[in-house]
1. Which length gain, in nm to one decimal place, applies between residue 187 and residue 237 when the Cα-Cα distance is subtracted from 0.36 nm times their residue separation?
2. Report, in listed order, any pair from 52/111; 52/175; 4/213; 140/213; 88/111; 70/192 with a Cα-Cα distance greater than 25 Å.
3. If we count every other residue with Cβ under 14 angstrom of residue 213's Cβ, Lys/Arg +1 and Asp/Glu -1, where does the sum land?
4. So for the chain, averaging the separation of alpha carbon pairs under 8 Å that are six or more residues apart and normalising by length, what relative contact order in percent results?
5. What does the charge count around residue 168 come to, taking other residues whose C-beta lies under 10 Å from its C-beta (Lys +1, Arg +1, Asp -1, Glu -1)?
6. Could you line up 227, 239, 160 from fewest to most neighbouring Cβ atoms inside 10 Å?
7. How would you order 2-10, 52-60 from highest to lowest mean count of nearby Cβ atoms within 10 Å?
8. When Lys and Arg each count +1 and Asp and Glu each count -1, what net charge do the other residues less than 15 Å away from residue 82, Cβ to Cβ, add up to?
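Derivation of every value follows stated rules applied to the coordinates shown; laboratory data play no part. Being a predicted model, the structure only gives us computed values, none of them experimental. In this analysis, Cβ positions are derived from the backbone assuming ideal geometry, glycine residues included, and neighbour counts consider all displayed protein chains.
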Amino acid sequence: MRRKLVAGNWKMHGSLAENEALLAGVLAGIASAKTDVAVCVPYPFLAQVQAKLSGSPIAWGAQNLSQHGKGAFTGEVSAAMLRDFGCKYVIVGHSERRSLYGETDEIVAAKFEAAQAAGLIPILCVGETLDEREGGVTEKVVARQLDAVIGRSGVGALADAVVAYEPVWAIGTGKTATPQQAQEVHAFIRGKIAALDPAVAQGLIIQYGGSMKANNAAELLAQPDIDGGLIGGASLVADEFLAICRAA
Ligand code: PEP
């Protein structure tokens, strides 16, 4: 039986004061959630979440990392630095990184490897654009994104990772994949991994992400291959985020 994981992706939002209130709100209600919970926050707030969440049931992480260990990479942050701040998770290959910052499948695979080498659990985001869905190539795109990581790190690496299926057309748009649409792709992902390693596939947490909210979470999370959510906008509102955690 897989435990569900609900992870917030704060994106580039928050301030010390706003985070204080948000974290207090989430901490106040988290005891009633029976799922694993994490928040992935902007780098400058890692010290704050480490101080606030240490000893709580909520884990934390970052939204990106460098594929390099150290060196002359101005503005970059390494996996070891994230570990220093107690991160458990790091998002890799979010569609905003792929589309706005030119992260290729190869770069994403290198980041995935760097994260695991430092003991972080990568949350690997995969998903198709609207054009790709309408062109009937959703599975091809998702397979290509997974293959880049499997080719570099091996299928066994997925035993210590999370996959987030995030249809790009559903992210931040208010358009959610229907539970059936999401389940179809989740089942495809699990089936693809199962063909390589059934045990890894069986244990793999596959989150859904894309406008998951309190009012649609339960139906999505009831699907057999949906093991949690990666939550953008709704993770910035304590009651909304808690409602999703309770639905999981
Ligand atoms: C995300 O950024 O990973 C995401 C799923 O965003 P939203 O929930 O706002 O669609």
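1. Values: separation 50, 0.36 × 50 = 18.00 nm, distance 3.02 nm.
Working it through step by step, the gained length comes to 15.0 nm.
2. On the way: 52/111 27 Å; 52/175 33 Å; 4/213 16 Å; 140/213 28 Å; 88/111 15 Å; 70/192 34 Å.
Among 52/111; 52/175; 4/213; 140/213; 88/111; 70/192, the Cα-Cα distance tops 25 Å for 52/111; 52/175; 140/213; 70/192.
3. Details: positive: 175, 246; negative: 219, 239, 240.
Charge balance in the 14 Å sphere: -1.
4. Numbers: 478 pairs, mean separation 58.1, N = 248.
Here the relative contact order equals 23 percent.
5. On the way: positive: 98, 133; negative: 96, 128, 131, 132, 166.
With Lys, Arg at +1 and Asp, Glu at -1, the neighbours total -3.
6. On the way: 227 25, 239 11, 160 15.
Lowest to highest Cβ neighbour count: 239, 160, 227.
7. Numbers: 2-10: 21.6, 52-60: 17.1.
Put in order of decreasing packing, that is 2-10, 52-60.
8. Details: positive: 70, 83, 88, 111; negative: 76, 84, 113.
Neighbour charge sum, excluding residue 82 itself: +1.
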